[in-house]
Structures are given as structure tokens and as C-alpha cells.
1. Return the total of residues in the range 100-113 being at pLDDT below 95 and β-branched (Val, Ile, Thr).
2. Could you identify the single residue in Thr104, Thr157, Thr96 that is open to solvent by 50 Å² or more (accessible area, probe 1.4 Å), within 18 Å of Ala52 (Cα to Cα) and of a type in the set (S, T, N, Q)?
3. Does Ala174 count as open to solvent by less than 50 Å² (accessible area, probe 1.4 Å) and either in contact with a helix residue (DSSP H, G or I) (Cβ under 6 Å, 6 or more places away or on another chain) or aliphatic (A, V, I, L, M) (or both)?
4. For the range 132-153, which residues satisfy the criterion of being of a type outside the set (Gly, Ala, Ser), in contact (Cβ under 8 Å) with a residue 24 or more places away in the chain and open to solvent by less than 50 Å² (accessible area, probe 1.4 Å)?
5. Quick one: which of Ala48, Ala52 is at pLDDT below 85 and part of a loop (DSSP other than H, G, I, E, B)?
6. Can you list the strands (runs of 3 or more DSSP E) lying wholly within the range 85-173 that have 1 or more residues being touching a Lys or Arg at 6+ places or on another chain (Cβ under 7 Å)?
7. Any idea which residue in the range 67-86 is farthest from Ile44 (Cα to Cα), counting only those that are under 13 Å from the mean Cα position of the chain (by Cα) and open to solvent by 50 Å² or more (accessible area, probe 1.4 Å)?
Amino acid sequence: LGNLTPIIVVPGRWSEGDLDYHADNIVTMLTNNAGFNCTTSRVIVTAASGTASLIAFGRGDGALLWKGGTDAASYASPVLANLAGRRSIVSLNAVTLSIHDPATGAVLLDYKWKEGRFPKAAQPTLLEGDRIFLTGGYGYGCVMLQIKPEGGKLAATELWQNHKLKAQFNTIGARDGF
């Protein structure tokens, strides 16, 4: 948790095959629970310290930009999203789903979901219509949430839940709206 993986590109002669090979490796790193998400000039990571859910660093100099949330990290990587008309970062933590402003780290939503001693590893699945699908193994099951604006923040309404679908380490893919 709290993984920062630098990728260094050295100038030189690169064949198209070299570039394809390394691009595939980078994409694989990002999709296989890398624990970080780059947005604009920030690198946003899950926090392993217990003092924040997410931490943002300057991409160029590594300076601390902000900390957001209070829940401990789990295994799921944060996801950049557009929800209810605003750009946001979605993070499934140890006990909560938190949604943050990517510029400041301010918590826009703190939704309590399934407290337990086992980690949640599947990333939140973002669906059209401002919906988020959460799932977890170890008996957590799943829940479908509807996200709406409320005041200056966001609110979540549970549309449905069950214990039959429970992806443990695999993130659920969406097709045709689900």
C-alpha cells in the first residue's frame, strides 16, 4: 500500500517494437493494483500511514500537496472519475468508500461500507448514470450506489445489495451499462 513506482524514460533510439513493449508493461502496472493514479500535475496514492486515505504529491518535485480522508487504506487503487458533474477521485478504503476533490483532497463523500478485518481489493466499478458498484470477498458481497450532488458535496443512495456476488481480487468489468 502507498506504492510509488517511478517510470524513467531515457532519451535515445527506440524502435516501435520497444515502445509497444514498454507501453504494454506500463499499462499492466497501472491495471494490476498499482495503488496510484496520476492526474494532471499530481501523483495520488493510497496512504499506508493511517493518517489519511489518500495523499497527493507534486509530479515534478514530489512535494506533499494534500492529504484527504481518515479511513485506513485497503488494497483497491483510487480511480479518477466524473461523478454528478464534477471531477473526483474514488477510493475504496478499509471501511468506507470516499470520494475526493482531486485538486484539494477534500472529502466529498464518506460512505461506510462493510467494516471487517479483511482487505477490499477490487476497484470500484464506475457505471453510467453516476453509479458505483462495490464488491469484496471474505463475505462482503456487493452494493450498487447512486451518486448525487448534495450541498457542496456528494451523497450516495444504495440501489441494491447482495452477498452472492463477491469478487475478492478481481475488479468487475462493465458492459452495456453493467
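The values are calculated or read from the model by the stated rules, or taken from the named source; none is laboratory data. Fair warning: this is a prediction, and the values are worked out from it, not measured in the lab. As a convention, Cβ positions derive from the backbone with ideal geometry for all residues, glycine included, and neighbour counts pool all protein chains shown. Surface accessibility is based on the protein's heavy atoms, side chains included, excluding ligands, DNA and RNA. Shrake-Rupley method; radii C 1.70, N 1.55, O 1.52, S 1.80 Å.
1. Qualifying residue count, the range 100-113: 1.
2. Numbers: Thr157 fails: within 18 Å of Ala52 (Cα to Cα); Thr96 fails: open to solvent by 50 Å² or more (accessible area, probe 1.4 Å).
Matching residue, one of Thr104, Thr157, Thr96: Thr104.
3. Criteria not met by Ala174.
4. At the first step, the residues of the range 132-153 found to be of a type outside the set (Gly, Ala, Ser) are 132-135, 138, 140, 142-150, 153.
From what's left, in contact (Cβ under 8 Å) with a residue 24 or more places away in the chain: 132-135, 138, 140, 142-143, 145, 147-149, 153.
Those that are of a type outside the set (Gly, Ala, Ser), in contact (Cβ under 8 Å) with a residue 24 or more places away in the chain and open to solvent by less than 50 Å² (accessible area, probe 1.4 Å): Ile132, Phe133, Leu134, Thr135, Tyr140, Cys142, Val143, Leu145, Ile147.
5. Numbers: Ala52 fails: at pLDDT below 85.
Answer to the selection: Ala48.
6. Values: elements: 86-92, 96-100, 107-112, 125-127, 131-136, 141-150, 153-162.
The strands (runs of 3 or more DSSP E) meeting that bar are 86-92, 96-100, 107-112, 131-136, 141-150, 153-162.
7. The extreme case among them is Asn82.
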